[in-house]
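Nothing in this text is a laboratory measurement; each read-out follows from the coordinates by a stated rule. All values derive from a computational prediction rather than experimental measurement. All Cβ positions, even for glycine, are placed from backbone atoms using ideal geometry, and neighbour counts span all protein chains on display.
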Amino acid sequence: MALPWFAGLALADQAVYKCGQEITNQPNDPSQCQKLLISNPTQIEGTRVQNAQSPKPVSAVSGTAVERISIMPNNPKEVLQRNVQARTVLEDEWQKLSARHAEMVRVFNVGQPALQEGESLQNPQYKRRAADMQTQIERMARDLMALKRELSRHTSQLASVPSQ
């Protein structure tokens, strides 16, 4: 029981040096390092040297581990079903975003959104709100283009799957 306590005392008296980017208690040249004053040092275990034994052969891996690695289903029907589901989700997202984009463009009114209470055309709040709306419209347009690309990718995947 007393041994760990004595080991802690021995480490507490040991000097710690900063040599450039490295912090160590065993510097190559202590004269070129800065001694650090640390009240409660923390010791971090280093990497252990591996034994010279050869690694286990691949055949020793259990069959269940190999099965867990396989993520993609082998059944073409399952692949087709997943692709159809993904396309359906993408189409729904595209329709929702397209409707929000159209509404935002309508409200933006070609750079002249309707004035809110207490605003004028020269008001900095109005200009900031119009700039924010324009940024949102541009972001939505980029998102719509990305969804279109994904939809076209899923369309080509669905066309390439042979039907049985």
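Tell me, ASP132, ASP143 in order of fewest to most beta-carbon neighbours within 10 Å?
The most exposed by this proxy come first: ASP132, ASP143.
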Next on the checklist: Please list, in order along region 110-122, the HN-Hα scalar couplings obtained from phi with the Karplus expression 6.51 cos²θ - 1.76 cosθ + 1.60 (θ = phi - 60°), rounded to whole Hz, x for Gly and Pro.
Outcome noted: 6, x, 10, x, 4, 6, 8, 4, x, 9, 10, 4, 8
Checklist entry - If you wrap a convex hull around the C-alpha atoms of region 71-160 and split its volume per residue, what is the figure in Å³? => result 108 Å³
